[in-house]
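**Q** Would you mind keeping the following structure in view while I ask a few things?
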Amino acid sequence: MVEAAAPTGHVAGCAEILLDACATGRRLTRDEVESRRAQGARAAEAGLALRGLIRDHLAAAREVHPRLPSGSMGPLLAAVEQAVDAFAEGYERAQHQAVRQEEAARREFVDDLLYGRSDLGRLAERAERFGLRLSQAHAVAVAQGPEPYGDGYPVARGIEETVLARFGNRQILLTTKDGRLICVAPGDQPDVLAYFAKQAYAATDGGRVAISRSHSGAGGVVHAYEEALNALDLAERMGLEGPVLHSADLLVYPVLTRDRQAMADLVESVLGPLRQARGGAQPLLDTLTAYFDSGCVATEAARRLSLSVRALTYRLERIHTLTAADPADPHNRYTLQTAVIGARLLGWPDTVA
């Protein structure tokens with residue numbers, strides 16, 4: 001804040017209050033204290049620096065001192081202390097109120113931005129106040145950790161300070177929503193989101209971050225935010241590994257589930273016979289998942305499942321017998337792998353589509 005001399009209005013009446021109080025050595029009355037608080041609040045709203053305002057109060061006390069009888073220094077100092085304390089209290093209250101109002105306005109804007117609940121033209125105007133230009137494309141990174149995070153939490157503050165210290169001149173919005181950490185950045189600056197993802201992963205003790213594709217316009221931020229959320233949800237359901245997920249790498253999964261009923265029919269038709277196995281379908285489904293995730297390398301799949309290669313081979317043969325589809329046969333592999341992906345997306349066999 002730029003320090004400036006306070007206009008006389010902000011110390012007006014102070015000299016008279018000091019003179020009257022020192023005449024009898026009394027303390028300031030309730031009305032006098034309240035008038036100082038009110039002046040302090042008005043000075044804060046005017047954007048004046050508190051240090052200069054206190055200096056003006058001390059100057060008023062120096063002007064009053066020669067007009068007082070000898071031996072009045074003690075009462076004068078006591079009255080000045082009360083006046084300055086009340087003035088500073090009003091000043092601080094007004095500042096705190098302004099901060100609360102700013103935080104509320106920012107939270108309302110973030111909610112409207114991420115949910116698309118406001119008129120896009122009005123939203124674009126409000127966005128400039130918070131450093132965003134919604135006329136350009138944006139991408140969104142969403143991070144979640146083992147616990148929820150909110151505005152003002154040490155983790156959120158630390159990440160915001162680190163990112164802004166490095167990219168302070170960029171048009172970036174850092175916030176939280178529903179316990180997750182969020183970064184909105186111009187779509188042509190992937191380095192910002194990559195750095196945010198690195199910091200968020202470290203600060204959340206191994207959390208996971210999803211980065212959306214770039215989308216244009218005011219509605220693009222909503223689209224990007226939902227895309228990042230969907231990537232996190234997909235990673236949870238699919239058991240995808242890796243701390244950073246790029247939605248562009250996961251586009252095949254929404255395509256596969258676009259016709260949910262068709263996918264459910266495929267899963268039930270191809271994998272339904274696995275229910276006949278001793279122990280149910282889940283162990284054999286896990287076997288297929290590990291086999292395909294390891295590139296159909298039996299030794300690696302066995303290692304992931306903590307099985308011997310012989311035990312894994314037996315399971316694959318059992319799958320072949322039950323489904324009439326051989327996981328090792330390239331002609332059957334695509335159908336089986338698609339069904340396995342569908343099962344993971346739909347939560348089969350625990351849920352019935």
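Where a number appears in this text, it was derived from the coordinates with a stated rule and is not lab data. This is a predicted model, so every value here is computed, not measured. Cβ atoms come from the backbone with ideal geometry, glycine included; neighbour counts cover every protein chain shown.
**Q** For residue 238 and residue 311 in one chain, what is 0.36 nm times their gap in residues minus the Cα-Cα distance, to one decimal in nm?
**A** 23.8 nm
**Q** Moving on. Please express the shape of the stretch 258-346 as an equivalent ellipsoid: the semi-axes are the square roots of 5 times the eigenvalues of the C-alpha gyration tensor, given largest first in whole angstrom.
**A** The three semi-axes for the stretch 258-346 are 21, 14, 12 Å.
**Q** What is the spin-label model distance, in nm, from residue 54 to residue 23 if the labels are put 7 Å beyond Cα along the C-beta direction?
**A** 3.0
**Q** Once you place label points 7 Å from the Cα toward the Cβ at residue 321 and residue 300, how far apart are they in nm?
**A** Label-label distance for residue 321 and residue 300, simple model: 2.8 nm.
**Q** From Cα pairs below 8 angstrom and at least 6 apart in sequence, can you work out the relative contact order of the chain, rounded to a whole percent?
**A** Relative contact order, the chain: 12 percent.
**Q** Next up: When the expected Rg is taken as 2.2 N^0.38 Å, what fraction or multiple of it is the alpha-carbon Rg of the chain?
**A** 1.61
**Q** So if I take the centroid of the Cα atoms in the stretch 151-218 and the same for the stretch 91-140, what is the distance between those two points in Å?
**A** Each part reduced to its Cα centre gives a spacing of 17 Å.
**Q** For a quick check: sort 212, 70, 247 by the number of other beta carbons within 10 angstrom, fewest at the front.
**A** Fewest-to-most ranking of 212, 70, 247: 70, 247, 212.
**Q** Sticking with this structure for a sec: Taking the Cβ-Cβ separation of residue 286 and residue 45 as r and a Förster radius of 41 Å, what is the calculated FRET efficiency to the nearest 0.05?
**A** In this case the efficiency is close to 0.05.
**Q** With point charges of +1 on the Cβ of Lys and Arg and -1 on the Cβ of Asp and Glu, referenced to the Cα centre of the stretch 258-310, which listed residue (263, 306, 281) lies farthest in the positive direction of the dipole?
**A** Going by the charge dipole, the pick is 306.
**Q** For residue 205 and residue 62 in one chain, what is 0.36 nm times their gap in residues minus the Cα-Cα distance, to one decimal in nm?
**A** My answer for the length gained is 45.7 nm.
**Q** Something else: Once the Cβ-Cβ distance between residue 97 and residue 249 is put in as r, and R0 is 35 Å, what FRET efficiency do you end up with, to the nearest 0.05?
**A** 0.15
**Q** Given the convex hull of the Cα atoms of the stretch 77-136, what is a quarter of its surface area in nm²?
**A** For the Cα atoms of the stretch 77-136, the hull's average projected area reads 5.0 nm².
**Q** What does the net charge come to around residue 284 if you take all other residues with beta carbon closer than 12 Å to its beta carbon, with K and R at +1 and D and E at -1?
**A** Net local charge, residue 284 excluded: +2.
**Q** Oh, and also: Taking just the alpha carbons, could you work out the radius of gyration and Dmax for the stretch 64-205, both in angstroms?
**A** 22.8, 73
**Q** Evaluate E = 1/(1 + (r/R0)^6) for residue 332 and residue 198, where r is the Cβ-Cβ distance and R0 equals 30 Å; express this FRET efficiency to the nearest 0.05.
**A** 0.15
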